[in-house]
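The values are calculated or read from the model by the stated rules, or taken from the named source; none is laboratory data. This one's a predicted model, so the numbers in the text were calculated from it and none came from an experiment. Cβ placement follows ideal geometry from the backbone for every residue including glycine, while neighbour counts extend to all protein chains displayed. When the accessible area is computed, the model is the full protein with side chains, heavy atoms only, and any ligands, DNA or RNA have been set aside. Shrake-Rupley method; radii C 1.70, N 1.55, O 1.52, S 1.80 Å.
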Amino acid sequence: MKKLRLLFLSFFIVGLISTTALFGQTTGDFRSAGSGTWATLGTWQTYNGTAWVAASSIPDSALAPVTKVTTIRSPHNVTVDATIGVRKVTVDAGATVTVNGTPVVLYIATEGMTVNGTLTLVGEVPAAAPYSVTNTTGTLTIGNGGVVNYNQTSTTSATKGGPPTATWQTGSTLNVNSIGGATASGFGTGNGQDFYNLNWDVATQGTFGWGFNNTIGGTVKILRTGTAGRVQLFGGSDGTLNIMGDLIVSGAASLTSCGTSSVTHDTINLYGKLNVNTTGNFSVSRGSQGSKADSTG
């Protein structure tokens, strides 16, 4: 009988721990009630200590105490269409946060934001900082399976876009579907960071220099570069790019390491396979790229 009581007590404790892990919400936490805009009360529920109820305010970075948590649940899509500061946000797998262009800014404050689902940037490219997703005192983290879709455009042809600055964990993906203005020659922000998987699928562009000097932890796919456009991995600067997975150039896409009148010293370390298929093109150098002498004396 004593052993039976101990066994029952053990199961009770395990069950209590599991329940706490699964239902660890605290009073004041937020979760999405459905798809909608961030600034709309009906988009949110809040936990009152015993149950989830309709929210009387929206989650933002000014709320106290700092333990308040905001969860975007699958399959909801919450759209940021007015500037907001957020903290301690999790976007679940299957859920989406959409940031809809200038002058809207999603400021990420203390405790940050983790995207296990999808973060999509659309609308008009900001002409200068602050950009549409801006880290203040917090960090944006793209988790394993998390996806960022960058698809902001500009009516001003040369205005530069840029992916958000984040910690890109193993299994995360950046999909680049726009460069901002159609003749933008590089990104205005976000290029100097390590990524994991990178998919480039841009319908309208010219010659675009990324300016890589970093590491891609997974696979790079260059799927489309416009009718006469191409992606230059380094542009007009020295750099080293480490691609830990495969490099794939498909369709009619065009990729080159560099192609400029500047003399540069660039290195691509490819640890996976190179696959150039259909009418895709991969060149070591294009245009008027010069040579650079190395002296060992």
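For the charge dipole of the chain, defined by +1 on Lys and Arg C-beta atoms and -1 on Asp and Glu C-beta atoms about the Cα centroid, which residue among I72, G206, W38 has the Cα displaced farthest towards the positive pole?
The residue sitting most towards the positive pole is I72.
What number do you get for region 54-202 when its Cα radius of gyration is normalised by 2.2 N^0.38 Å, N = residues?
1.00
Heavy atoms only, probe 1.4 Å: what % of the accessible area of the chain goes to carbon and sulfur, would you let me know? Don't skip to the answer; put the middle values down first.
Details: 7590 of 13910 Å².
Answer for the chain: carbon and sulfur cover 55 percent of the accessible area.
In 10 Å bins starting at 0, how do the alpha-carbon pair distances of region 117-184 split up by percent?
Per 10 Å bin, starting at 0, the Cα pair percentages come out as 22, 48, 26, 4.
Charges only on Cβ, +1 for Lys and Arg, -1 for Asp and Glu: so what's the dipole of region 32-129 about the Cα centre, in debye to the nearest 20? Mind showing how you got there, number by number?
Working: 4 positive and 5 negative charges, 46 e Å.
The dipole magnitude comes to about 220 debye.
Near P59, within a Cβ-to-Cβ distance under 14 Å, what is the net charge of the other residues, with Lys and Arg +1 and Asp and Glu -1?
Working: positive: R31, K68, R73, R87, K88; negative: D29, D60, E111.
That sum, taken over residues with Cβ under 14 Å, equals +2.
Using helices alone, what [θ] at 222 nm do you get for the chain, with -39,500 (n - 2.57) per DSSP H run of 4 or more residues, divided over all residues and rounded to the nearest 500? Present the calculation step by step, with values, prior to reporting the outcome.
Values: 1 runs with 21 residues, N = 297.
Using -39500 (n - 2.57) per qualifying helix, the result is -2500 deg cm²/dmol.
Between region 154-196 and region 54-84, what's the alpha-carbon centroid distance in Å?
Computed from Cα coordinates, the inter-centre distance equals 26 Å.
With angles folded into 0 to 90 degrees, how steeply does helix 2-22 sit against the dominant principal axis of the chain? Use alpha carbons for both and round to 10.
The helix 2-22 is inclined about 50 degrees to the chain.
As a test of the definition: which semi-axes, in Å, follow for region 177-283 when you take the square root of five times each eigenvalue of its alpha carbon gyration tensor? Largest first, please. Don't skip to the end; give the middle numbers.
Numbers: eigenvalues 64, 59, 36 Å².
Whole-Å semi-axes of the equivalent ellipsoid: 18, 17, 13.
With only alpha-carbon atoms in the gyration tensor, what are the semi-axes of the equivalent ellipsoid for region 34-111, in Å, largest first?
Values: eigenvalues 71, 47, 28 Å².
Equivalent ellipsoid of region 34-111: 19, 15, 12 Å, largest first.
Working out 0.36 nm times the residue gap between N144 and T156, then minus their Cα-Cα distance, what length gain in nm do you get to one decimal? All intermediate terms of the calculation are to be shown ahead of the outcome.
Numbers: separation 12, 0.36 × 12 = 4.32 nm, distance 3.51 nm.
Length gained, N144 through T156: 0.8 nm.
If you put +1 on each Lys and Arg Cβ and -1 on each Asp and Glu Cβ, how big is the dipole of the chain around its Cα centre, in Debye rounded to 20? Provide the component values of the computation, followed by the final result.
On the way: 15 positive and 12 negative charges, 160 e Å.
With only Lys, Arg, Asp and Glu charged at Cβ, the dipole is about 780 debye.
So what's the convex hull volume per residue for the Cα atoms of the chain, in Å³? Don't jump to the answer; show the numbers that get you there.
On the way: hull volume 58.3 nm³, N = 297.
It comes to 196 Å³ per residue, whole-number rounded.
Taking 8 Å as the Cα distance limit and 6 or more residues as the minimum spacing, I'd like the relative contact order of the chain as a percentage.
Working: 872 pairs, mean separation 25.1, N = 297.
Once normalised by length, the contact order is 8 percent.
Take the alpha carbon gyration tensor of region 198-255, find the square roots of its eigenvalues, order them as a ≥ b ≥ c, and report rounded if a/c is under 1.5; if not, report prolate when a/b exceeds b/c, else oblate. Intermediate values should be presented prior to the final figure.
Details: a/c = 2.69, a/b = 1.27, b/c = 2.12.
It comes out oblate by the Cα gyration axes.
What net charge is computed for the residues neighbouring T37, neighbours being all others with C-beta under 14 Å from the C-beta of T37, Lys and Arg scored +1, Asp and Glu -1?
Working: positive: none; negative: D60, D81.
Around T37, the charge tally is -2.
Students often forget the sequence filter, so: which aspartates and glutamates lie under 13 Å Cα-Cα from K88 once same-chain residues fewer than 8 apart are removed?
Excluding near neighbours in sequence, the set is D29, D60, E111.
Under the definition of Cα pairs under 8 Å and six or more residues apart, what whole-number percent is the relative contact order of region 171-292? Each step should come with its number before you reach the end.
Numbers: 366 pairs, mean separation 25.0, N = 122.
Once divided by the residue count of region 171-292, the mean separation gives 20 percent.
How about K273: which aspartates and glutamates have a C-alpha closer than 12 Å to its C-alpha, ignoring those fewer than 8 places off in the same chain?
Straight-line reach from K273, under 12 Å: D246.
Skip the ligands, DNA and RNA, and give the accessible area per residue of region 107-211 with a 1.4 Å probe, whole Å².
Values: 3650 Å² over 105 residues.
Per-residue accessible area for region 107-211 comes out at 35 Å².
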